[in-house]
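Written below as structure tokens is the structure these notes are about.
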Amino acid sequence: MTPFKMSRRSVLTSAAALPLAGMAATPASASAPLLGPARAPYNRIKLGGYDVTSLLAGTRTVPDPNTIFGLNATPEEFAAASEAAMIPTDKSQFFFTPTVVNTGSELVLFDTGLNGEGITAALAAAGYTPDQIDVVVLTHMHGDHIGGMMTDGAATFPNARYVTGSAEFDHWNGTDNEGFANNVRPMADKFEMIGDGGTVASGITGMAAFGHTPGHMTYMIESEGKQLVLGADFANHYVWSLAHPDWEVRFDMDKEAAAATRRSILGMLAADRIPFIGYHMPFPALGFVETRGEGFHYVPASYQFVMDS
């Protein structure tokens with residue numbers, strides 16, 4: 001049999017004709033509408049034998065971040081740090097990320113977001129309902145963490161027990177703070193108070209991280225030799241709080257203590273290579289820390305938690 005041969009010209013001529021033939025055979029169709037940016041509402045990983053699900057309970061753009069972060073930095077220093085990270089200096093995106101840990105025997109929710117509707121919707125996206133929550137842990141009592149405790153005057157999580165740091169509860173209980181009065185005080189008799197090293201549930205241990213608030217707590221999650229820290233607000237921005245842990249943050253009630261806590265926890269995470277979920281980190285809020293110069297650097301998680309074992 002004689003081998004089939006095509007010249008370079010015939011190949012080019014045939015290839016050029018193919019798109020025209022395809023266009024002739026396909027009916028015209030309208031372009032898809034522009035939908036704008038979108039984010040996944042939850043992210044679930046395996047940690048040992050546990051499921052850990054971060055929930056996007058809210059996000060918003062906030063102007064003038066230099067009036068929030070880096071209060072003791074010059075505008076030039078703030079601009080340089082922002083430019084190096086390729087983020088704007090005139091606005092920042094805030095994320096609000098409660099987390100659910102399923103230990104296999106209990107469903108534990110850490111923080112409740114801005115309001116009851118928001119946390120309920122975030123839970124629903126992840127396949128949970130408020131009545132399934134067995135334990136609600138409050139890392140601290142700022143409004144964006146306690147706002148979802150109540151919905152229309154009733155407990156959002158009717159079957160849960162509640163855990164928080166004793167120092168945190170005692171501080172806010174001695175104030176006339178409206179958010180605490182409306183969302184936490186009605187549930188006061190259902191709270192268990194813990195301190196540094198206190199146990200929330202199997203494999204979940206509280207760690208004192210004071211400064212952001214007087215009794216702010218972080219939590220170590222451990223299962224089958226795997227560890228993850230739920231960092232709450234010990235660091236509130238993935239660039240400005242990590243690269244410059246000594247920069248003062250408006251929301252930190254004791255700025256010196258908060259800076260010391262940041263350095264301590266970031267140093268531990270970097271040295272021990274422990275991942276963390278930060279309440280205000282870019283969603284899905286899961287990453288690692290590495291040392292860089294006199295500060296630290298945020299390394300977002302990629303596929304470390306989705307590979308088959």
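For the chain, the relative contact order works out to 15 percent when only alpha carbon pairs closer than 8 Å and six or more residues apart are counted.
For His244, the residues 5 or more places off, or on other chains, whose built amide H falls under 5 Å of its own are Phe296.
Please label the shape of region 200-309 as rounded, prolate or oblate, based on the square roots a ≥ b ≥ c of the eigenvalues of the alpha-carbon gyration tensor (a/c under 1.5 means rounded; beyond that, a/b larger than b/c means prolate, else oblate).
oblate
Computed from phi, the 3J(HN,Hα) profile of region 274-288 under the Karplus parametrisation 6.51, -1.76, 1.60 (θ = phi - 60°) reads 9, x, 9, 10, x, 4, 10, 6, x, 4, x, 6, 10, x, 10 Hz, with x in place of Gly and Pro.
For mean projected area of the Cα convex hull in nm², several values are listed as (1) 19.8; (2) 25.7; (3) 15.5; flag the one computed from this structure. Of the listed options (1) 19.8; (2) 25.7; (3) 15.5, (2) comes from this structure.
Applied to region 64-78, the Karplus parametrisation 6.51 cos²θ - 1.76 cosθ + 1.60 on θ = phi - 60° returns per-residue 3J(HN,Hα) values of 6, x, 5, 7, 10, 10, x, 5, 9, 9, 6, x, 5, 5, 5 Hz, with x for Gly and Pro. Taking amide H as placed 1.01 Å from N in the peptide plane, the amide H of Phe96 sits under 5 Å from that of Ala57, Gly58, each at least 5 places away or on another chain.
Amide hydrogen proximity for Ala232: with H placed 1.01 Å from N in the peptide plane, the residues at 5 or more positions away or on another chain lying under 5 Å are Tyr279. For the chain, the longest piece that avoids every one of the trypsin sites (Lys or Arg not before Pro) found in DSSP loops with at most 14 other C-beta atoms within 10 Å covers 40-249. In this calculation the C-beta distance from Leu34 to Gln304 is compared with R0 = 41 Å, giving a FRET efficiency of 0.75.
Converting phi to 3J(HN,Hα) with the Karplus coefficients 6.51, -1.76 and 1.60 and the offset θ = phi - 60°, region 201-213 yields 7, 4, x, 10, 10, x, 9, 4, 9, 6, x, 4, 9 Hz in sequence order, with x at every glycine or proline.
The GluC sites (Glu not before Pro) of region 228-309 that meet both conditions, a loop assignment by DSSP and at most 10 other Cβ atoms within 10 Å of the site Cβ, are Glu294.
Cross-link partners for Lys255 among the aspartates and glutamates, with Cα-Cα distance under 17 Å and sequence neighbours closer than 8 places in the same chain left out: Glu168, Asp233, Asp246.
Here, each number is a calculation from the coordinates, and none is a lab measurement. Here the structure is a predicted model, which means the values were calculated and not measured. Here Cβ is always computed from backbone atoms with ideal geometry, including for glycine, and neighbour counts include all displayed protein chains.
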